[in-house]
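A short write-up of the structure that comes next.
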Amino acid sequence: MAEFIPVANTRSASGVPTGKLALYWLLCSEIVIFGGVLASYLMHRLAHPEFGLQAAHTNVYAGTINTFVLLTSSLMAVLAHSAAEHGDGKKAAKYLWFTIAGALMFLCIKAAEWTSEIQHGYTITSSPFWSFYYTAAGIHASHVIAGALVMLWVIQSAKKNKYLYRVENVGLYWHFVDIVWIFLFPLLYIAK
């Protein structure tokens, strides 16, 4: 019996597969969300020089480690995509598991970091900086969770060598999550 593939996944007026096109639309909307948060952060930061004094209390080591973790997990997503392109769904699934492990490590480090900051009195209501910090990092963390959950779904079909194009799509989403962190890290941790 032939495998059923919905027509919506096989046709495209633009020459771009519909799944990838939908992902591009999603990423454009996400750029608007993060762009708005980052633009308002920058405008507030430039208008209030004292804003940077609060940034001095962020944990640069935790942020640096999380940057390394996300970049490593992005490498795993690239390796998963490469395996999928070569038709090796089981290997792609294995690399996606490593990517998920990176997501979980990122979230654990972030949870420990936030716990410490909150215990030191730096809460979302402490100052405008901490409001921006928790909002931006929290939105980012929710995207990390979403990416990991979608990867779990993609793994189920990839390990059966089905719908391997989804590995590339989830990888593109994951790279977007990494790029956002590359903007957040210097703004929230380094620029003091």
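Computed from the coordinates by the stated procedures, all read-outs in this text should not be read as laboratory data. Since this is a predicted model, take the numbers as computed values, not measurements. Backbone-built Cβ (ideal geometry, glycine too); neighbour counts: all protein chains shown.
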Relative frequency of Cα-Cα separations exceeding 21 Å in the chain, percent: 55 percent
Label point 7 Å beyond Cα of ILE139 along Cβ direction - residues of region 16-32 with amide nitrogen under 14 Å: 27-32
Alpha-carbon Rg/Rh ratio, for region 46-154, with Rh computed the Kirkwood way: 1.11
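Averaged over all directions, how much area does the convex hull of the C-alpha atoms of region 61-125 cover when projected, in nm²?
Details: hull surface 19.1 nm².
Directional mean of the projected Cα hull area for region 61-125 stands at 4.8 nm².
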Computed magnitude of the charge dipole of region 21-150 (debye, nearest 20; Cβ of K, R +1, Cβ of D, E -1): 220 debye
Highest-first arrangement of 94-106, 111-123, 152-164, where packing means the average Cβ count within 10 Å: 94-106, 152-164, 111-123
For region 179-187, Karplus couplings with θ = phi - 60° (6.51, -1.76, 1.60), whole Hz, Gly/Pro x: 4, 4, 5, 4, 7, 5, 4, x, 5
Gain upon complete extension [LEU152, GLU30; 0.36 nm per residue less C-alpha separation]: 41.8 nm
When each of LYS110/LYS159; LYS20/LYS90; LYS110/LYS162; LYS20/LYS110 is checked by Cα-Cα distance, pairs over 26 Å: LYS110/LYS159; LYS110/LYS162; LYS20/LYS110
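Let me know the shape class of region 104-191, please: from the alpha-carbon gyration tensor, a ≥ b ≥ c as square roots of the eigenvalues, rounded when a/c is under 1.5, otherwise prolate if a/b is greater than b/c, or oblate. Don't skip to the end; give the middle numbers.
On the way: a/c = 3.59, a/b = 2.36, b/c = 1.52.
Prolate, since a/c reaches 1.5 and a/b exceeds b/c.
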Length gained when the stretch TYR61-HIS48 is fully extended (0.36 nm per residue, less Cα-Cα span): 2.1 nm
Over region 35-85 - Rg/Rh using Cα atoms and the Kirkwood inverse-distance radius: 1.23
